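Read the structure below first, then the notes.
The values are calculated or read from the model by the stated rules, or taken from the named source; none is laboratory data. Here the structure is a predicted model, which is why all the values come from computation and not from measurement. Here the Cβ positions follow ideal geometry from the backbone for every residue, glycine too, while neighbour counts run over all protein chains shown.
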Amino acid sequence: MSDEKQTKNEEVSFETAMQQLEEIVGKLEEGDVPLEKAIEYFQKGMELSKLCHDKLQHVEKQMDFILREDGELKPFELQEEEKS
């Protein structure tokens, strides 16, 4: 990834990227998109998806370091909610 593109992606907040991704998904689900435009939307959506994934991984790593017990690193593990 070019430095310019990486810097631009880092400036986009997680919430903004998710909103843009939801808009793209909505447009693609409508089905009235010409093939060329659909491919553009799909590519942008994949970029946004990766950006969101990377930001979530970064936050998870930060949480690993924040959650310490007895001065030692305590890995952060997400617990899934039990289904009723």
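Within the stretch 75-83, can one find any residue that is touching a strand residue (DSSP E or B) at 6+ places or on another chain (Cβ under 8 Å) and at pLDDT below 95? Quick ask: steps written out before the conclusion?
Filtering the stretch 75-83 down to residues touching a strand residue (DSSP E or B) at 6+ places or on another chain (Cβ under 8 Å) leaves none.
Checked the stretch 75-83: no residue is touching a strand residue (DSSP E or B) at 6+ places or on another chain (Cβ under 8 Å) and at pLDDT below 95.
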What pairs come up if the first residue lies in the stretch 20-37 and is within 23 Å of Lys50 (Cα to Cα), the second is in a helix (DSSP H, G or I) and among the small types (Gly, Ala, Ser), and their beta carbons are under 9 Å apart, counting only those six or more places apart or on different chains? Gln20/Gly45; Leu21/Gly45; Leu21/Ser49; Ile24/Gly45; Val25/Gly45; Lys27/Ala38; Leu28/Ala38; Leu28/Gly45
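Could you please give the count of residues in the stretch 23-74 that are of a type in the set (Lys, Arg), in a helix (DSSP H, G or I) and modelled with pLDDT under 90?
Of all residues in the stretch 23-74, those of a type in the set (Lys, Arg) come to 27, 37, 44, 50, 55, 61, 68, 74.
The next check asks that each one be in a helix (DSSP H, G or I); those that pass are 27, 37, 44, 50, 55, 61.
Then keep just the ones that are modelled with pLDDT under 90; that gives 61.
Matching residues across the stretch 23-74 total 1.
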